[in-house]
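Below is one structure, written out as structure tokens; the observations come after it.
Just so it is clear, none of the values below were taken in a lab; they were calculated from the coordinates. Owing to the predicted nature of the structure, the values given are computational and were not obtained by experimental measurement. Cβ coordinates were reconstructed from backbone atoms using ideal geometry, including for glycine residues, and neighbour counts include every protein chain displayed.
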Amino acid sequence: MKKRLLFYCQHILGIGHLIRSMEIVKGLTPEFQVCFINGGEAIADFPIPPGVEMVHLPALKTDDEFSDLHLPPGFDSLEAVFAARLETMMAVLNRFQPDVLMVELFPFGRRRFSPDCCP
């Protein structure tokens, strides 16, 4: 039985981090059952390796200067977005019961996403 890996990726401008993260996941799928949590915008027709479960959080993105986070539709505050994201992530964590948790970039970057990574 494969070990379970939960992978969190937050891309906020472009899809470079998403592409790199998915390449890592692709390399891990022979040994792990993977659930991938995507904190950025869902990309139509983005290739997901077979057997990988993809979970999309309410998407946060930024402007070209990385100065402001843009709220997804239906939210009126950043706090509400982070609360909804945390609720989803905790549900996935409890359901999936991972053996390994991988967080892309944090804590070396994306410190604005501390509410996601350090609830």
Is it possible to state the helix-based mean residue ellipticity at 222 nm for the chain, with each DSSP H run of 4+ residues giving -39500 (n - 2.57), the sum divided by total residues, to the nearest 500 deg cm²/dmol? What is it?
-9500 deg cm²/dmol
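As a test of the definition: which semi-axes, in Å, follow for the chain when you take the square root of five times each eigenvalue of its alpha carbon gyration tensor? Largest first, please. Walk me through the numbers on the way to the answer.
Details: eigenvalues 112, 52, 32 Å².
Equivalent ellipsoid semi-axes, largest first: 24, 16, 13 Å.
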The simple spin-label model distance between Glu31 and Leu101, using points 7 Å out along Cα→Cβ, in nm, is 2.1
Filter the GluC sites (Glu not before Pro) in segment 1-86 to those in DSSP coil with at most 13 other Cβ atoms within 10 Å of their Cβ, and list the result.
Glu31, Glu65
Whichever aspartates and glutamates have a C-alpha closer than 15 Å to that of Lys3, once near sequence neighbours (fewer than 8 apart) are set aside
Glu31, Glu53, Asp99
Those aspartates and glutamates that a straight Cα-Cα span of less than 20 Å connects to Lys61, excepting residues fewer than 8 apart in one chain
Glu41, Asp45, Asp76, Glu79, Glu87, Glu104, Asp116
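Fully extended, how many nm does the chain gain between Asp64 and Asp76 (0.36 nm per residue separation, minus their Cα-Cα distance)?
Working: separation 12, 0.36 × 12 = 4.32 nm, distance 2.16 nm.
Full extension of this stretch gives 2.2 nm more.
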